[in-house]
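Each reported figure results from applying straightforward, stated rules to the coordinates on display, with no laboratory input. Quick caveat, the model's predicted, so the values are computed rather than measured.
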């Protein structure tokens, strides 16, 4: 299947909105503004990862080498899509700050 510019644009918007929403909800529940922005790299590792989690404890050198190889071989489109998700978490953090500053106590 061919990956077109339309797929790229839809994926960028989807990841932005998805991670904005997840970060917004976590910020409301946990009241930790930048929590998801710090957790997002771990989410990216789980998305890109091809190694089982238990293998990081059984064979750490091989597992981390495989992870580094997977991260360095990402296509430019994949990097842009993943960065749009990071941008969504950052925008959610700023949105929370603004809402709290304007007096919305539930945020």
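Between region 6-34 and region 83-106, how many Å separate their Cα centres?
Region 6-34 and region 83-106 have Cα centres separated by 10 Å.
Out of 28, 36, 96, any idea which swings most in a Gaussian network model of the chain, alpha carbons joined below 10 Å?
28
According to the square roots a ≥ b ≥ c of the eigenvalues of the Cα gyration tensor, what is the shape class of region 26-65, taking rounded for a/c under 1.5, prolate for a/b larger than b/c otherwise, and oblate for the remainder? Don't skip to the end; give the middle numbers.
Details: a/c = 3.55, a/b = 2.99, b/c = 1.19.
It comes out prolate by the Cα gyration axes.
Per DSSP helix of 4 or more residues, -39500 (n - 2.57); summed, then divided by the residues of the chain. What does that give at 222 nm, rounded to the nearest 500?
Working: 5 runs with 83 residues, N = 107.
Here the helix-only value at 222 nm equals -26000 deg cm²/dmol.
Compute the long axis of helix 5-30 from its Cα atoms, compare it with the longest principal axis of the Cα atoms of the chain, and write down the angle in degrees, 0 to 90, nearest 10.
Approximately 60 degrees, to the nearest 10.
Determine the shape class of region 6-53: with a ≥ b ≥ c the square roots of the Cα gyration tensor eigenvalues, call it rounded for a/c under 1.5, and otherwise prolate if a/b is greater than b/c, oblate otherwise. Before the final figure, lay out the partial values.
Working: a/c = 3.10, a/b = 1.17, b/c = 2.65.
Verdict is oblate for region 6-53.
Where does helix 60-72 land angle-wise versus the long Cα axis of the chain, in degrees 0 to 90, nearest 10?
70 degrees
Compute the acute angle (0 to 90°) between the alpha-carbon long axis of helix 76-101 and the principal axis of greatest extent of the alpha-carbon atoms of the chain; round to the nearest 10°.
With rounding to tens, the tilt is 20 degrees.
In whole Å, what are the Cα extents of region 25-107 along the three principal axes, biggest one first?
Principal extents (Cα only, largest first): 50, 29, 14 Å.
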